[in-house]
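The values are calculated or read from the model by the stated rules, or taken from the named source; none is laboratory data. Keep in mind the model is a prediction, meaning the values are calculated, not measured. Every residue, glycine among them, receives a Cβ derived from its backbone with ideal geometry; neighbour counts consider all protein chains shown.
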Amino acid sequence: MPYYTPYEDEVRNAIRNEGSFSLDILNSFQVNWYPIDTDGDANTKDFDEPSLIYGEKAAKVVRAVVEPMLAFHFGNSIIDVLFKRYEKHVALYLAKKKTGHFILVISLSKK
């Protein structure tokens, strides 16, 4: 399943090459998926309530982006089961490790 996240320079170049907009602001920052810090020791705990909650939230964010691609390739019948399993995997991972994702903020002006 194809999925690609571009680098900042690639976004800048795409905006410049397209030519309809001027780039006013392009900032990126990292966001922690699990706001409660852990020490990174994979053997300290299993699931806890906060990790289950944030696992569910993280799964919903990912689902909003990739569900159309998955449904196109594999059909709608697997989607709910797939993301329930994904939610549990994310919750377990979040209970054991710090992790985050990057957000890209872009402000454009029409030329």
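A compact table of results
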| quantity | calculated |
| --- | --- |
| Count of segment 28-47 residues which are in contact with a helix residue (DSSP H, G or I) (Cβ under 9 Å, 6 or more places away or on another chain) and at pLDDT 60 or above | 3 |
| Selection within segment 82-97 - basic (Lys, Arg) and in a helix (DSSP H, G or I) | 84, 85, 88, 96 |
| Pairs where the first residue, in segment 54-65, is touching a residue at least 24 places away in the same chain (Cβ under 8 Å) and the second is of a type in the set (Lys, Arg), C-beta under 9 Å, 6+ apart | 55/88; 59/84; 59/88 |
| Some residue of segment 7-20 being modelled with pLDDT under 90 and touching a strand residue (DSSP E or B) at 6+ places or on another chain (Cβ under 8 Å) | no |
| Top-ranked residue of segment 66-111 - restricted to ones that are loosely packed, with under 11 Cβ neighbours inside 10 Å and aliphatic (A, V, I, L, M), ranked as farthest from the chain's Cα centre (by Cα) | 81 |
